[in-house]
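The values are calculated or read from the model by the stated rules, or taken from the named source; none is laboratory data. Quick caveat, the model's predicted, so the values are computed rather than measured. When we count neighbours, we look across all protein chains shown, and the Cβ atoms used for this are built from the backbone with ideal geometry, even at glycine.
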Ligand code: PMP
C-alpha cells in the first residue's frame, strides 16, 4: 500500500506509518534516524538516543565517524568492487595481514564475507571439507552449546542453541549435537568460579561419549555468550578443559567471536582472554563498525594445505567475497582502533561499566543478575530474586522495559528472554567502544531509572 511519508518543516520525512519496508522489529513507533554522532543517534524530529547496544553490538567506532567514512569513500572512488575469485586489492591484503598478525596463534589465513551468519556457515563448510579430504567423512557432527546464537541462515540457525528461533523453519540440519553452555546465574553450582570448568567439561565429555567422538567434526562456542545468555563469560579454566578434551579426540574447535570479538571484551580477540586457541575463528559486527557489511573467517595454513579438491583449496565463493567496499571498512576501523586506542578504552571504560552496573542495578528489586566483561554486559530480570523465578513470558517484561527506555532516549537490545526456559528476561548492554565514563554514567542512570519506573507499574 506504500503509505506516504509525513514531512517536517525542513521537508524531511518524519515517519513512514505504512511504507514498503518488510521487517520492523522492536520499536513500536519506528523513528526515522537522520544522523549519528559518537554514541548518539538523532531522529528527524530532533530526538536524541543513547545507543546503549551499538545496534546489536555492531557500532564499535561510534556513529558519524568521519575518519572511517572518509577512508571508505576514498576506496570507493578508486574501486568499489572486484570479483574475489579473480582479483585481490590492497585493502583486502592489508586487512588480512593485519588481522592475522593480531590473531591467536596459528590463524594465518583470512577470508572476508558479508555477515556473521555467512562466516559461521563458511567456517563449518571449511571444517566439513577438511574432514572429507582427510578421508574421514563420517566426522560430520558439530557440537554446539545451549544457549547460544550463531546466525540465521539454515546451517547457522541449526547450530544456534535457541530452540524457539527454529520453530517455523524445520527440519534443521540433523548433524548438530548440543551440550550445556556455562551461565553463572543459573548453573546451579554453589561455587561457579571454582567448579564451573569441571562441571561443564564433564557434560561435554558425556555428550561426546554418547555420540561417539569419532563422528564429531567440530565444537563451536562463543567465548563470551552474546545475546542468548546476556553476555555470559566462561568460568575460569573452561576453555583449557574444552581444548584438552577436543584435542584428545581430534575434534576441531571453532570460536564464534562475531559479537564478543574486535575489542568488545577489552582484548581484540576474546579467545585470548580465556586461553582459547581455536582452529577456526569468525568475526563480524564490530569489524566494520556497521560502515559496511563485513565478517571474517580465520583458519590455519596447515589445514588449508590439506585441501586439494576445492579450487584454491577451500571450495567456497560468493559475489561479495573480499569485496573492497567491505574490506576498506575493516581496514579503516582497524586503523581507527590503533590511532585512538579503542581496545584500551574498551578495557578501561568496560571495567567502569561493569562496576557501575553492579553497584546501581543489583540492589534493585527484580534485577536477578548482572554479568559480562568489558563493554559487553547483560542484566537478567526475574519476578522473584530469592527463587530466581522468571516472569511469565506472556507478560513481555523485557519488551515493555525496552519500549519505556526507548521513549526516554536509551536504546538497548534484547533477543527476548526465556522462551526455551534457560533464563529470564535479558537486557543486553554493549555501547560503542569509544564510549566515555560520563556517557556510561548517563547510560546506567537512565537504565536504573527506567527499570524502577517500569517495575513500579508492573
Ligand atoms: N554469531 C554470533 C555470536 C552473533 O551474535 C551473531 C549476530 N547476532 C551472528 C553469529 C550472526 O551474525 P549476522 O547477524 O551478521 O549474520
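Of the residues in segment 197-209, not one is surrounded by fewer than 24 Cβ atoms within 10 Å (Cβ to Cβ) and outside any helix (DSSP H, G or I).
For residue 119, state whether it is under 22 Å from residue 327 (Cβ atoms) and either surrounded by fewer than 20 Cβ atoms within 10 Å (Cβ to Cβ) or more than 11 Å from the ligand (Cβ to nearest atom) (or both).
Numbers: under 22 Å from residue 327 (Cβ atoms): yes; either surrounded by fewer than 20 Cβ atoms within 10 Å (Cβ to Cβ) or more than 11 Å from the ligand (Cβ to nearest atom) (or both): no.
Spelling it out, it is not the case that residue 119 is under 22 Å from residue 327 (Cβ atoms) and either surrounded by fewer than 20 Cβ atoms within 10 Å (Cβ to Cβ) or more than 11 Å from the ligand (Cβ to nearest atom) (or both).
Restricting 406, 454, 391 to those that are in contact (Cβ under 8 Å) with a residue 40 or more places away in the chain and either in contact with a helix residue (DSSP H, G or I) (Cβ under 6 Å, 6 or more places away or on another chain) or outside any helix (DSSP H, G or I) (or both) reduces the list to 454. Total residues in segment 284-315 satisfying the condition of being surrounded by 19 or more Cβ atoms within 10 Å (Cβ to Cβ) and within 16 Å of the ligand (Cβ to nearest atom): the figure is 14. Restricting attention to segment 225-256, the residues that are within 16 Å of the ligand (Cβ to nearest atom), outside any helix (DSSP H, G or I) and either without any contact (Cβ under 8 Å) to a residue 24 or more places away in the chain or under 30 Å from residue 138 (Cα atoms) (or both) add up to 5. Counting the residues of segment 128-166 that are within 16 Å of the ligand (Cβ to nearest atom) and in a helix (DSSP H, G or I) gives 8.
Rundown of residues vs (1) assigned to a strand (DSSP E or B); (2) within 30 Å of residue 354 (Cβ to Cβ); (3) at pLDDT 75 or above, yes/no style:
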{"site": "4", "(1), (2), (3)": "no, no, no"}
{"site": "20", "(1), (2), (3)": "no, no, no"}
{"site": "37", "(1), (2), (3)": "yes, yes, yes"}
{"site": "45", "(1), (2), (3)": "no, no, yes"}
{"site": "50", "(1), (2), (3)": "yes, yes, yes"}
{"site": "60", "(1), (2), (3)": "no, yes, yes"}
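Within segment 298-320, take every residue that is assigned to a strand (DSSP E or B) and modelled with pLDDT of 95 or more and give me the one that is farthest from residue 120 (Cα to Cα). Looking at the filtered set, the residue picked out is 300. Annotation note: of 323, 332, the sole residue that is within 21 Å of the chain's Cα centre (by Cα) and either in contact (Cβ under 8 Å) with a residue 60 or more places away in the chain or within 16 Å of the ligand (Cβ to nearest atom) (or both) is 332.
Filter segment 352-379 down to residues that are part of a loop (DSSP other than H, G, I, E, B) and over 19 Å from the mean Cα position of the chain (by Cα) and give me whichever is surrounded by the fewest Cβ atoms within 10 Å (Cβ to Cβ). Here the residue is 363. Residue 222 passes every criterion in (1) away from the ligand (no atom under 11 Å from the Cβ); (2) under 29 Å from residue 186 (Cβ atoms); (3) buried (at least 24 other Cβ atoms within 10 Å of the Cβ) apart from (1).
Residue-level check: of (1) farther than 23 Å from residue 276 by Cα; (2) within 16 Å of the ligand (Cβ to nearest atom), residue 190 misses just (2).
Quick check: anything in segment 344-351 touching a helix residue (DSSP H, G or I) at 6+ places or on another chain (Cβ under 8 Å) and assigned to a helix (DSSP H, G or I)? Yes, the conditions are met somewhere in segment 344-351.
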